[in-house]
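Please read the structure below before turning to the comments.
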Amino acid sequence: MSVDNTIRLPDHSPAGEKRGNTSWVQCAYCDNWFHATEGIISRANVKLHCNHCHNEFLPADAKKIILA
């Protein structure tokens, strides 16, 4: 995945987290953050669903994505 809105954290995970459990997406509409798996985020044609405002958007349209 090479989208400008994506940040990949270093290979170590935060204490107590399994790798892949800490990926976050910032909503394109309401700016709130929610969890999503890297497998879903990497599918450019699959819309993400914000559990705060319930809007849907493509990963490329997210304000920011943090992959851990």
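The values are calculated or read from the model by the stated rules, or taken from the named source; none is laboratory data. The model shown is predicted, which means the values in this text are computed figures rather than measured ones. No Cβ is skipped: glycine too gets one built from the backbone with ideal geometry, and neighbour counts run over all protein chains shown. SASA here: full protein model, heavy atoms, side chains in, ligands and nucleic acids out. Shrake-Rupley method; radii C 1.70, N 1.55, O 1.52, S 1.80 Å.
Structural remarks
- Evaluation of P59 against (1) at pLDDT 95 or above; (2) more than 13 Å from D4 (Cα to Cα); (3) touching a helix residue (DSSP H, G or I) at 6+ places or on another chain (Cβ under 8 Å) (one fails), failing number: (2)
- Members of the stretch 11-50 found to be open to solvent by 70 Å² or more (accessible area, probe 1.4 Å), modelled with pLDDT of 95 or more and among the hydrophobic types (A, V, I, L, M, F, W, C), listed by number: W33
- Residues in the stretch 51-63 that are open to solvent by 80 Å² or more (accessible area, probe 1.4 Å) and not in a loop (DSSP other than H, G, I, E, B) were compared, and the one that is nearest to Q26 (Cα to Cα) is D61.
- Scope the stretch 20-68; condition β-branched (V, I, T) and over 8 Å from the mean Cα position of the chain (by Cα); matching residues: T22, I40, V46
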